[in-house]
């Protein structure tokens, strides 16, 4: 795998290994930085002071056939402790159960429902349509996904963050905890999500890098949303597209890990595949569409531009990961002499010296340990080290998803449009190994 017929394979292998090693090294660095930050909950106990002026807030709730979770969402949202806020449900549902639930809530007079009979622009289209019915006095817009359960002090905490700096967006921590112990898939995703928020994003915040918007549990100034042109209806990842537009304008996203909003994990393997496919395709396409403008922007910092390139094409870079895994497996077999009977000398790999030895070490050892270290740091930061064994299943699930992410990224690079894939919600809440459905008495225990 070094000379002659194996020259191309060796070059590809070494390039892929170097790319994977750079990525893994950054994970190690971010993990150490996150470890230095300390425990995630140490600053969240202080209740924010209630402001006498209480700037008006509009909560947007995009829904699409959410019969299993819509009552849970609205029960929590209508109990938010804040003196001046409106709730608009941006509904695209076509199932009777969801629409009947929304009708009952609307008749209570606590919210408005803006219903569309067609789904043009998907979630972004529903949100833009709802903005037309917003209170003109609104100063801040809060977006919550249907599967989350916002805490009563959510608005007060987010509004108080705007007074502490120059942020145009406050992004909370979407903790995938409601059904996290439902099965091996939900446990694995919760650990992986924790490492993303509490290690990767937390470190980027410390380094003043690019902070994305996650589509849920974020509050944005109405003026900033207007400058960005609203939500991009051509995108299937409208949150990444919005963050891209804001970065081009020099607007800042403030990630606050102490603002925790519980939500659901996809509970089935097929749902995870569809979700990851949409993420990888949409983010790659949006990055491709925005990257030139962002790089030319004089308002975006050099670190933000670097982060945007590094992570925006991160899904596409999974191609290197997949290639490195496949060729490394082949290289290991060669180095073990498995193909000697076919005339393939094991010296082809060992002859690479230190470079070859590291390449054999990078994918099977260096990369997995980076992921496991990041997960461990995240669990330490939120005092949940008891979930440490699930780091292994999370690693396995992430490796299984690599071909899906590669396929999605190629779609994002080649195709001009994508198709929205809804992630089904179960409405189930798991605790101590038991599972229950939401009832009106359940909310107080969350």
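Read the figures in this text as sums done on the coordinates, not as results from a lab. Owing to the predicted nature of the structure, the values given are computational and were not obtained by experimental measurement. As a convention, Cβ positions derive from the backbone with ideal geometry for all residues, glycine included, and neighbour counts pool all protein chains shown.
What the table below lists for this structure:
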{"item": "Footprinting exposure proxy for 207, 360 (fewest neighbouring C-beta atoms within 10 Å first)", "result": "207, 360"}
{"item": "Order of 72, 422, 268 under a 10 Å beta carbon neighbour criterion, fewest first", "result": "268, 422, 72"}
{"item": "For peptides 232-239, 104-111, sequence by mean Cβ density within 10 Å, most packed first", "result": "232-239, 104-111"}
{"item": "Additional length obtainable on full extension of the chain from residue 414 to residue 388, 0.36 nm per residue less Cα span", "result": "5.5 nm"}
{"item": "Antiparallel content of DSSP bridges confined to the stretch 44-293, in %, to 5", "result": "25"}
{"item": "Alpha-carbon centroid distance for the pair the stretch 133-191 / the stretch 291-329, whole angstrom", "result": "26"}
{"item": "Which of 132, 137, 425, 305 has the fewest Cβ neighbours within 10 Å, and the rest in rising order", "result": "132, 137, 305, 425"}
{"item": "Full-extension gain in nm, residue 135 to residue 29, via 0.36 nm per residue minus C-alpha separation", "result": "33.7 nm"}
{"item": "Cα→Cβ-extended label distance, 7 Å offset, between residue 94 and residue 196, nm", "result": "2.9"}
{"item": "Sequence-separation-based contact order of the stretch 44-293, relative, with Cα cut under 8 Å and 6+ spacing, percent", "result": "23"}
{"item": "Extension gain, residue 292 back to residue 326 (0.36 nm per residue minus Cα-Cα distance, nm)", "result": "9.0 nm"}
{"item": "At R0 = 30 Å, FRET efficiency that the Cβ-Cβ distance of residue 310 and residue 117 yields, to 0.05", "result": "0.15"}
